[in-house]
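The values are calculated or read from the model by the stated rules, or taken from the named source; none is laboratory data. Since this is a predicted model, take the numbers as computed values, not measurements. A quick note on method: Cβ atoms are made from the backbone with ideal geometry, for glycine too, and the neighbour counts reach across all protein chains shown. These area figures cover heavy atoms from the full protein model, side chains too; ligands, DNA and RNA do not enter into them. Shrake-Rupley method; radii C 1.70, N 1.55, O 1.52, S 1.80 Å.
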Amino acid sequence: MFERVSVAPADPILGLNDAYKADPRTDKINLGVGVFKDEQGNTPILKAVKEAERRLVNSETTKGYLSIDGSPEYSQAVQKLLLGEGSPLLASGRVCTTQAPGGTGALRIGAEFLVRQLGIRTIWVSDPTWANHNAVFEAAGLEVKTYRYFDRDTRGLDIDGMLADIAQAGPEHAVVLHGCCHNPSGVDPTIAQWQRIGEVLEKSGAMAFFDFAYQGFGDGLEEDAEGLRMLVERLPDVLIANSFSKNFGLYNERVGALTAVSAKADGAQAVLSQLKVLIRAIYSNPPCHGAAVVSTILNDPDLTAMWHDELAAMRKRINGLRTEFVDGLKARGASQDFSFIAEQRGMFSFSGLNKDQVDTLREKHGIYMVGSGRINIAGIRTENLEKLCRAIADVL
Ligand SMILES: Cc1ncc(COP(=O)(O)O)c(C=O)c1O
């Protein structure tokens, strides 16, 4: 039977990584896959994570199963981080959280819940969006529609287009919103724009489904959650899929969560019970280690402070690189204005380079980026900035 199976195309982003690895050039540059890199080009394990792991090795007494929704300490810590320490929602009975295998796992469980429990058949994603959104939502049986988001002329947010499009989403639809650090454009709504998004969604009755994969990578843990918190307050029911892959550097531990905020005072219980039914049939119960690390850090003031410092350092590196990159391109006589890159937030930038330019950069200069011109800013190093800027000026 396996003879009938044909070869599937490589994942566009992870496949690019394989091509980079196979390239023999020693001065090659990888701006493709979305992982944080330090100045040495490594993706380090955070010191707070190492310390939490040391403590866990000493204190763990069993490898018995977690419950279907993970550990309660973890869920409570997640809710505080998302909604704020002082949020009245925390003790309201309106919020439930289940641990999930990464942000991807949380998105998939959320999608299954939309289809099976709410009868939702259509989900709206931004144009452009994270490459895996379509596959995750379609796999759950949703039809994916796009709303206008990135304006290729202004290199900013097309807020009027976005609002006009999401106004078409009705109560039987869901709308995916990137909480911060939009992937792939790096363009986020301002607080005033979040307000308008909230107004439109409130009128339309569509379910807001936040994808929150970069909290703390933009302007800070609290600042990055402002839009999300505003909409959670305004809208009756909201879903949030969050990931700790990036902000804790726990990529391969697969740690994230799905949180639901319900309009009903005691609504969380019913929602959580249904999420558990879904999870039981998909992977039964979650892996422990990554969530135990996050929970250990977030439930210890010293480790939390250590993590805050390390997260701030990652954020500073990315935002500093944005400015250096813009200045470098200008100094090398790039024929376009790239100052918008310094305004964008998070790990990614839409460089504005077209497919041919991206191909030339890869073939001629050994510089790898996604075909859309998306750059992982954290892949730049001060030592290769000069080469990168020269090569971009060359292909323009
Ligand atoms: C916007 C967005 N959502 C979700 C994810 C998935 O995160 P995870 O690796 O935790 O599954 C990513 C990862 O790149 C992302 O960029």
* Test result for G70, farther than 14 Å from I282 by Cα and within 15 Å of the ligand (Cβ to nearest atom) -> yes
* To do: Assess whether A135 counts as being within 16 Å of the ligand (Cβ to nearest atom), open to solvent by 40 Å² or more (accessible area, probe 1.4 Å), modelled with pLDDT of 95 or more and outside any loop (DSSP other than H, G, I, E, B).
  => yes
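So, G227, is that one touching a residue at least 12 places away in the same chain (Cβ under 8 Å), at positive phi and of a type in the set (G, A, S) or not? I'd like the intermediate steps shown before the answer.
Numbers: touching a residue at least 12 places away in the same chain (Cβ under 8 Å): yes; at positive phi: no; of a type in the set (G, A, S): yes.
So G227 fails the test.
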* Working only within the range 366-396, note down all residues that are without any contact (Cβ under 8 Å) to a residue 40 or more places away in the chain and open to solvent by less than 40 Å² (accessible area, probe 1.4 Å). => G373, A391
* Asked: Only one of (1) at pLDDT below 95; (2) open to solvent by 30 Å² or more (accessible area, probe 1.4 Å); (3) not β-branched (V, I, T) fails for E310. Which number is that?
  -> (1)
* Structure fact -> Taking first residues from the range 199-214 that are in a strand (DSSP E or B) and second residues anywhere that are among the aromatic types (F, W, Y) and modelled with pLDDT under 95, the pairs with Cβ under 8 Å that are 6 or more apart or on different chains are D211/W130
* Mind counting the residues in the range 198-237 that are within 16 Å of the chain's Cα centre (by Cα) and under 28 Å from G119 (Cβ atoms)? => 8
* Asked: Could you list, in sequence order, the residues of the range 1-56 that are small (G, A, S), more than 16 Å from the ligand (Cβ to nearest atom) and in a helix (DSSP H, G or I)?
  -> A19, A22, A48, A52
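Go through the range 156-190 and report how many residues are in a helix (DSSP H, G or I) and under 22 Å from E226 (Cβ atoms). Can you show your working first?
So in the range 156-190, the residues in a helix (DSSP H, G or I) come out as 159-166.
With the extra rule that they be under 22 Å from E226 (Cβ atoms), the set shrinks to 159-160, 162-163, 166.
Adding up the residues that qualify gives 5.
Given the criterion of a type in the set (S, T, N, Q) and within 16 Å of the ligand (Cβ to nearest atom), identify the matching residue among T97, T122.
Values: T122 fails: within 16 Å of the ligand (Cβ to nearest atom).
Testing whether each residue is of a type in the set (S, T, N, Q) and within 16 Å of the ligand (Cβ to nearest atom) leaves just T97.
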* To do: Working carefully through the options A313, A305, A391, find the one that is in contact with a strand residue (DSSP E or B) (Cβ under 7 Å, 6 or more places away or on another chain) and aliphatic (A, V, I, L, M).
  => A391
* Asked: Among the candidates L66, L31, L82, which residue alone is open to solvent by less than 20 Å² (accessible area, probe 1.4 Å) and within 30 Å of N299 (Cα to Cα)?
  -> L82
* Would the range 151-161 turn up any residue that is open to solvent by 60 Å² or more (accessible area, probe 1.4 Å), polar (S, T, N, Q) and modelled with pLDDT under 95? -> yes
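From the list Q344, Q357, Q336, pick out the single residue that is more than 26 Å from the chain's Cα centre (by Cα), polar (S, T, N, Q) and at pLDDT 90 or above. Break it down stepwise before answering.
Details: Q344 fails: more than 26 Å from the chain's Cα centre (by Cα); Q336 fails: at pLDDT 90 or above.
From the options Q344, Q357, Q336, the qualifying one is Q357.
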* Asked: Could we say that D127 is within 16 Å of the ligand (Cβ to nearest atom), open to solvent by 10 Å² or more (accessible area, probe 1.4 Å) and acidic (D, E) here?
  -> yes
* Asked: Residue check: is A213 under 26 Å from K145 (Cα atoms), more than 13 Å from the ligand (Cβ to nearest atom) and of a type in the set (A, V, I, L, M)?
  -> no
* Structure fact -> Residue pairs within 8 Å by beta carbon, gap of at least six or interchain, first lying in the range 87-114 and open to solvent by 40 Å² or more (accessible area, probe 1.4 Å), second within 12 Å of the ligand (Cβ to nearest atom), listed first then second, are T104/N132; T104/V136; T104/S243; T104/G256; R108/V136
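Going through the range 281-306 one residue at a time, which ones are in a helix (DSSP H, G or I) and either under 20 Å from the mean Cα position of the chain (by Cα) or within 17 Å of P72 (Cα to Cα) (or both)?
Initially, the range 281-306 is screened for residues in a helix (DSSP H, G or I), giving 281-282, 289-298, 301-306.
Result: H289, G290, A291, A292, V293, V294, S295, T296, I297, L298.
Return yes when E233 is open to solvent by 10 Å² or more (accessible area, probe 1.4 Å), more than 22 Å from A305 (Cβ to Cβ) and not in a strand (DSSP E or B) and no when it is not.
Working: open to solvent by 10 Å² or more (accessible area, probe 1.4 Å): yes; more than 22 Å from A305 (Cβ to Cβ): yes; not in a strand (DSSP E or B): yes.
Yes: the conditions hold for E233.
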* Whichever residue in the range 244-253 is farther than 14 Å from P287 by Cβ and open to solvent by 10 Å² or more (accessible area, probe 1.4 Å) and, among such residues, is farthest from the ligand (Cβ to nearest atom) -> G249
* Asked: Taking G170, is it open to solvent by 20 Å² or more (accessible area, probe 1.4 Å) and out of contact with any Phe, Trp or Tyr (no Cβ under 9 Å at 6 or more places or on another chain)?
  -> no
